[in-house]
Amino acid sequence: MKIVSSLSRRGIGFIKQLPIAYRAVLPIISFSLLILLVYPGEESRATIVSGKGLAAGEPVIEGDRVVIPLELPEPEDDGILVDTPIDGAAAADVRADEKADVKGDAAADESRMWAYEIQSGDTLTGVFQKLNLPLSDLYQVLEADEAVLALDNIKPGVKLLIDVDNEQLQALELKFSPAHKVTYKRKQDAGFEFAETRLPGEWKQYAITGEIGRSFSVDAEAQGLDVRDAYQITRLLKEKINFSRDIRKGDSFEVLVSRQFIDDEPTGETQVEAVRLMANRSPVAIFYYDGTYYDEKGRSLSKAFMRYPFNGKHRVSSNFNPNRHHPVTGLSRPHNGTDFAMRTGTGILAAGDGVVTRVVNHKYAGLYVEVKHSERYTTRYLHLSKALVHKGQRVSRGQKIALSGSSGRVTGPHLHYEFRIAGRPVNAMTAEIPIAKHLEGKSRKEFDSLLGQYLTRMDEARPADGVMVSQRSENTNKSARSL
Ligand SMILES: [Zn+2]
């Protein structure tokens with residue numbers, strides 16, 4: 001059910017040309033409304049275009065617009081704005097527009113919903129320009145976004161749902177996947193409030209098995225393993241084997257991987273749960289438990305995280321508080337990190353091994369660095385004065401990655417430190433982050449029972465390739481996925 005229109009390639013001032021555009025697009029709209037009436041629950045899927053994306057850099061003011069520079073390849077084609085009214089109210093507006101057009105005046109107070117999919121070469125500013133939205137709206141959304149920094153992660157393919165009323169942005173929704181969206185909603189005249197939704201979805205487990213003819217990743221991908229998962233496995237097993245020396249032709253592998261589905265559609269989220277590799281007749285294996293990987297003896301593969309990403313002692317000036325509200329506006333402004341008061345120029349250290357995924361200058365968060373430690377763990381360091389690493393760089397625990405500062409909107413120099421597990425912020429001072437080197441006691445018992453299940457499934461799956469071996473929802477198997 002895809003409705004696409006390429007009418008609005010003209011971009012700027014598009015709103016003003018609406019009456020003509022609408023006349024031309026009316027048959028499409030009528031058709032879409034008909035479909036929407038039949039499938040009222042499917043409205044968001046009725047508004048799809050294809051495309052690639054956008055990664056925001058430091059916002060720059062140009063005239064009355066904010067320009068967010070993007071690190072992107074050259075655009076392959078023009079952005080396509082899809083004008084698909086998604087409910088009855090919008091349909092009424094279309095008719096009102098028609099009349100207005102006949103009479104020759106533009107309807108200024110129309111309320112509409114726009115769906116747009118981020119294309120390669122897009123800027124957020126450009127999208128706002130197309131909709132003729134004021135600069136102040138973008139600033140207010142950026143402000144609400146300080147707690148999530150989701151706008152810095154807009155890539156091609158991310159879907160925007162934009163609600164405009166009275167030439168003002170009323171709501172902006174970013175849909176990253178069927179399971180993950182972030183919404184910014186206007187609250188009277190006080191600014192925007194955000195809400196982040198992650199659906200647990202249904203996780204189905206697959207067994208991917210095979211024999212190595214060329215290399216583990218080539219052969220596993222041929223059997224249906226995602227490239228990203230193959231890379232992760234190689235990285236995890238590198239501690240245990242040398243892929244160029246220890247692997248022989250005819251060695252075999254068994255991988256259990258879970259994939260997330262919403263309404264039977266894959267969301268793209270996956271989790272490698274168990275891997276067994278016969279490397280030159282000696283098996284190596286890793287198993288996922290409690291957010292990290294262990295060998296069959298319950299020994300953790302990850303190194304411990306540091307509790308504090310700096311040397312010495314620094315006073316906590318503001319605690320993690322997901323329920324914080326703005327004292328004046330009353331808007332929800334969660335504090336998703338811990339603030340440490342420190343002199344500008346203090347060395348900031350990577351809390352664990354990982355890869356730098358962002359070095360961004362944000363109007364409110366200031367200069368910040370994000371490090372991805374695994375598919376599950378991410379840390380962020382805000383209000384820096386200087387980054388000592390670049391995007392894509394591999395860093396190790398304790399490595400100096402930045403100097404603290406007071407960039408962005410702050411009342412004084414400090415470090416804002418965030419720890420995220422599966423995308424959700426947790427209190428870095430109290431969270432159970434993987435620090436155990438060896439499982440013991442109750443967790444060892446849990447691990448051993450899970451290990452038994454993994455091994456049974458891998459044994460069962462051995463003869464067939466890519467067989468789905470089990471199906472479960474996230475809540476019914478907490479042991480494998482919980483923190
Ligand atoms: Zn803070």
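Coordinate-derived values only; no laboratory data. What you see is a predicted model; the values in this text were computed from it and never measured. Cβ sites come from the backbone with ideal geometry, for glycine too, and all protein chains shown count toward neighbours.
Some values worked out for this structure:
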{"quantity": "Extended-chain gain in nm, criterion 0.36 nm per residue less alpha-carbon gap, ASN280 and ASP226", "calculated": "17.0 nm"}
{"quantity": "Spin-label model distance (nm) - ARG324 vs LYS445, 7 Å beyond Cα toward Cβ", "calculated": "4.1"}
{"quantity": "Mean Cβ count within 10 Å, highest first, over the residues of peptides 311-322, 365-376, 419-430, 337-348", "calculated": "365-376, 337-348, 419-430, 311-322"}
{"quantity": "Given charges at Cβ of Lys, Arg, Asp, Glu: segment 316-426 dipole, positive-most of GLY405, ASN323, GLY337", "calculated": "GLY405"}
{"quantity": "Pairwise label distance in nanometres, ASP165 with LYS297, each label 7 Å out on the Cα-Cβ vector", "calculated": "6.4"}
{"quantity": "Potential lengthening between ARG235 and ASN311 on full extension [0.36 nm per residue; Cα-Cα distance subtracted]", "calculated": "24.5 nm"}
{"quantity": "Theoretical gain in end-to-end length, ARG462 to SER406 [0.36 nm per residue, Cα-Cα removed]", "calculated": "14.6 nm"}
{"quantity": "Using a Förster distance of 35 Å, the FRET efficiency for ALA304-SER215 (Cβ separation, nearest 0.05)", "calculated": "0.65"}
{"quantity": "Listed residue pairs exceeding 28 Å between alpha carbons, taken from LYS159/LYS238; LYS313/LYS445; LYS181/LYS391; LYS391/LYS442; LYS181/LYS386", "calculated": "LYS159/LYS238; LYS313/LYS445; LYS391/LYS442; LYS181/LYS386"}
{"quantity": "Pairwise centroid distance, computed over Cα atoms, of segment 124-198 with segment 240-281, Å", "calculated": "37"}
{"quantity": "Total formal charge among the other residues, if their Cβ is under 12 angstrom from that of ASP145, Lys/Arg +1 and Asp/Glu -1", "calculated": "-3"}
